[in-house]
1. Identify all residues within region A:180-192 that are within 11 Å of another protein chain (Cβ to nearest Cβ) and within 10 Å of the chain's Cα centre (by Cα); write none if there are none.
2. Can you name the residue in region B:8-27 that is in a loop (DSSP other than H, G, I, E, B) and touching a helix residue (DSSP H, G or I) at 6+ places or on another chain (Cβ under 6 Å) and, of all such residues, is farthest from the other protein chains (Cβ to nearest Cβ)?
3. Could you grab me the full set of residues in region B:46-71 that are touching a residue at least 24 places away in the same chain (Cβ under 8 Å) and either of a type in the set (K, R) or part of a loop (DSSP other than H, G, I, E, B) (or both)?
4. All but one of (1) within 10 Å of chain B (Cβ to nearest Cβ); (2) farther than 25 Å from A:H145 by Cα; (3) surrounded by fewer than 21 Cβ atoms within 10 Å (Cβ to Cβ) hold for A:I222, so report the exception by its number.
5. Residue by residue through region A:197-226, note down the ones that are closer than 14 Å to A:A41 by Cα and either in a helix (DSSP H, G or I) or among the β-branched types (V, I, T) (or both).
6. Restricting the search to region A:207-219, which residues are out of contact with any Phe, Trp or Tyr (no Cβ under 6 Å at 6 or more places or on another chain) and either within 19 Å of A:I32 (Cα to Cα) or among the small types (G, A, S) (or both)?
7. Taking the residues in region B:75-104 that are exposed (fewer than 10 other Cβ atoms within 10 Å of the Cβ) and over 24 Å from B:Y16 (Cβ atoms) as candidates, determine which candidate is farthest from the chain's Cα centre (by Cα).
8. Quick one: which helices (runs of 4 or more DSSP H) sit completely within region A:82-196 and have at least 2 residues that are of a type outside the set (S, T, N, Q) and touching a Pro at 6+ places or on another chain (Cβ under 7 Å)?
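Derivation of every value follows stated rules applied to the coordinates shown; laboratory data play no part. A quick note: this is a predicted structure, and the numbers were derived from the prediction, not measured. All Cβ positions, even for glycine, are placed from backbone atoms using ideal geometry, and neighbour counts span all protein chains on display.
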Amino acid sequence: MTDLLAIKDLSYKRNMHTILTDLSLTLPHNAIIGLLGANGAGKTTLMRLIAGSATEFHGEIRLNDETAASIRKSMVSFSEQLAGLNPGMKLNQIADFYDRVYPDFVRADFDKLAQQLELDLQKRLNQLSKGNQRKFTIAITFARHVQLYLLDEPFNGIDSMNRKKIIASIIQWKPEMATILISDHHVTDIANLLDQVIVVQHQTVVAQEKADTIREKHNQSIEDYYESFYEGENEHD
Amino acid sequence: MEFDDKVPIYYQIKQYIYKEIIVNRLKPGAKLPAVRQLAVKLTVNVNTVQRALSELVNEGILKPQRGKGNFVTTDISVLVDLRRRVVEGQLAMVYDRLAELQITPDEMIQYLTNYIDQRKEQSHD
């Protein structure tokens, strides 16, 4: 089976500032993959490029044999897509909006997810606690049926109870052949969930390895493996 | 379930299922939960559970039934062998560590017998 996503020699600049350089990677079908890197390493930018919301790049991004940004946009469910919404909207209004805009959005699945995550759909986006915002993001992202999900720091700033609920939803709702790319700078949260990890450093991908290989061959925890890339450079990140 | 992050998760899931079978919480012929249900319960990836289960199928400990799921084997000789294998695995670790301390096999038996007697007495207190 061919790869779901293939990125070749990707370079990206914004405001004369280089963010990614000569980055190549491939993602298989049916996998949960951790995208690891320090804050500012370019993880979010990489996701925006994959999702087609950033476009002025050099190189090639091929998702299921499609390279056009507008087509890729329709094939990816990206947690950041919520950021552009009017914060005064009620959650069920946002779900209605998604239902109209995305043909792959399944309203019944959203309702089930929202119930499971104990969300009150009469509330407005700006009335939600951080934890409920994260849960709502998960519900709306997974109610779309696509082959690639991009979750940007889905656990940032939330307590362990909410983290557990979100992780359970991810396991339960991932479509069988779909792939999930999760960025995180605190890998312990998701170590048990990952098939592979990708490490982003110095504006590019410095490693991509299977979780079982890290544990079996290198005899390391995923956290130790990740931290080994930062040894000796504590001062300059 | 708590996992050791230095050991492959599929391997730890296998050990967990071995234990459930040995202590008879999973009885011969019992049906295992669906793969996704197990994944949610153990908070791991579906692929990881799948890998653990397919190895257990290869070892003959689980019997898949098309469209119905996985069942613990009813072949008692396989289960007796499993129990022996798991116990020996534990003993091997103790043996190797004591051998590193240059304890002879005869001394090991002596120490182990004494230790078991001590534990028995403690549990009577």
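1. A:I180 - this is the single residue of region A:180-192 that is within 11 Å of another protein chain (Cβ to nearest Cβ) and within 10 Å of the chain's Cα centre (by Cα).
2. Per the criteria, the residue is B:L26.
3. Residues satisfying the conditions are B:R51, B:I61, B:K68.
4. Among (1) within 10 Å of chain B (Cβ to nearest Cβ); (2) farther than 25 Å from A:H145 by Cα; (3) surrounded by fewer than 21 Cβ atoms within 10 Å (Cβ to Cβ), A:I222 violates only (3).
5. Correct list: A:I198, A:V199, A:V200, A:T204, A:V205, A:V206, A:Y226.
6. Correct list: A:A207, A:Q208, A:E209, A:K210, A:A211, A:D212, A:T213, A:R215, A:E216.
7. Going through the qualifying residues, I end up with B:Q102.
8. A:130-142
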